[in-house]
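This report concerns only the one structure given below.
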Amino acid sequence: MLTFEKVLAAFKDYLEEDDRHTILITPRGYTIMEWDTSHQNWAGAEFCATPERMRDLLLNDLTCYLEYKITLCSRSLTDCERQKIQEQVAKMADSLQ
């Protein structure tokens, strides 16, 4: 059974590297907040009602982060790069099944 603790453990290294995202426990549950460095303010917040929702949001964030790390927003991904990212994200998703 998927739990918030398992999701947080699986994404621990990613969350330490990509410090734009902060996960808070609120009275209503976990919330993922994204920091916008250029505006020095929170860019958004997503409530995670279930561990599956948290997993899905973090998988999407991980995908975007890996794309950014490769391209630095200065070019498009190659098909090979896109495939490598998809494989890495799929491996993470499979570990959380």
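So the values come out like this:
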item: Length-normalised contact order of the chain in % [C-alpha pairs under 8 Å, at least 6 apart]; result: 25 percent
item: Placed amide H near Tyr30: partners under 5 Å, 5+ positions off or other chain; result: Cys48
item: The chain - percent of accessible surface contributed by carbon and sulfur, probe 1.4 Å; result: 53 percent
item: Scattering profile of region 24-81 at q = 0.31 Å⁻¹ [log10 I(q)/I(0), Debye over alpha-carbon scatterers]; result: -1.19
item: Of the trypsin sites (Lys or Arg not before Pro) in region 1-78, those whose Cβ has at most 11 other Cβ within 10 Å and which sit in DSSP loop; result: Arg28, Arg75
item: Accessible surface, per residue, of the chain when the full set of protein chains is kept, probe 1.4 Å, Å²; result: 68 Å²
item: Dipole magnitude of the chain about its Cα centre (Cβ charges: Lys, Arg +1; Asp, Glu -1), debye to nearest 20; result: 120 debye
item: The chain - mean residue ellipticity at 222 nm from DSSP helices (-39,500 (n - 2.57) per run, n ≥ 4, rounded to 500); result: -16500 deg cm²/dmol
item: Interatomic Cα distance distribution for the chain, bins of 5 angstrom, percent; result: 2, 12, 22, 23, 19, 13, 7, 2, 0
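The values are calculated or read from the model by the stated rules, or taken from the named source; none is laboratory data. Values in this document were obtained by computation on a predicted structure and should not be read as measured data. Cβ: placed from backbone, ideal geometry, glycine included. Neighbour counts: every protein chain shown. Just so you know, the surface numbers come from the protein's heavy atoms only, side chains and all, with ligands and any DNA or RNA stripped out. Shrake-Rupley method; radii C 1.70, N 1.55, O 1.52, S 1.80 Å.
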